[in-house]
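Asks: Have a look at this one.
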Amino acid sequence: MKESVLNNPIPPREIDPGISPQLQEIMYRAMERDPNKRYPSAREFALDLEHQEHVGVADREELTNWKVRRQPRTRQILFYVAMALIPVVVFGLLLWVARH
């Protein structure tokens, strides 16, 4: 599976430790990027909210790597190429101005 370049949100329990692990799991499932992993209906979502004690807590990657900010590799490469071209363009403009 291709590595996602999207950044993970801050886990709700990092912001408010009073949030139960079950409620956090419900929130993550509701926000899943993959539609197949989200709640199939509002009814199932509401049932989990009403009966949080029955919700299993998954060991999610999002809980451990949320501080890692990722950028697409091509975007990084383009940034460095653009930074390298700035002195070349400035030097070229100086030469052009000097000749005219």
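Asks: Out of the helices (runs of 4 or more DSSP H) lying entirely within region 20-100, which hold 3 or more residues that are loosely packed, with under 13 Cβ neighbours inside 10 Å and under 23 Å from the mean Cα position of the chain (by Cα)? Lay out the reasoning, then the answer.
Replies: Values: elements: 21-30, 42-50, 73-99.
Per the criteria, 73-99.
Asks: While we're on this one: Taking the conditions exactly as written (open to solvent by less than 60 Å² (accessible area, probe 1.4 Å), in contact with a helix residue (DSSP H, G or I) (Cβ under 9 Å, 6 or more places away or on another chain) and modelled with pLDDT under 90), does P11 satisfy them or not? Can you show your working first?
Replies: Numbers: open to solvent by less than 60 Å² (accessible area, probe 1.4 Å): yes; in contact with a helix residue (DSSP H, G or I) (Cβ under 9 Å, 6 or more places away or on another chain): yes; modelled with pLDDT under 90: yes.
The answer is yes for P11.
The values are calculated or read from the model by the stated rules, or taken from the named source; none is laboratory data. Computed from a predicted structure; not experimentally measured. Cβ: placed from backbone, ideal geometry, glycine included. Neighbour counts: every protein chain shown. Each accessible area value is taken on the protein alone, full model and side chains, heavy atoms only, with ligands, DNA and RNA left out. Shrake-Rupley method; radii C 1.70, N 1.55, O 1.52, S 1.80 Å.
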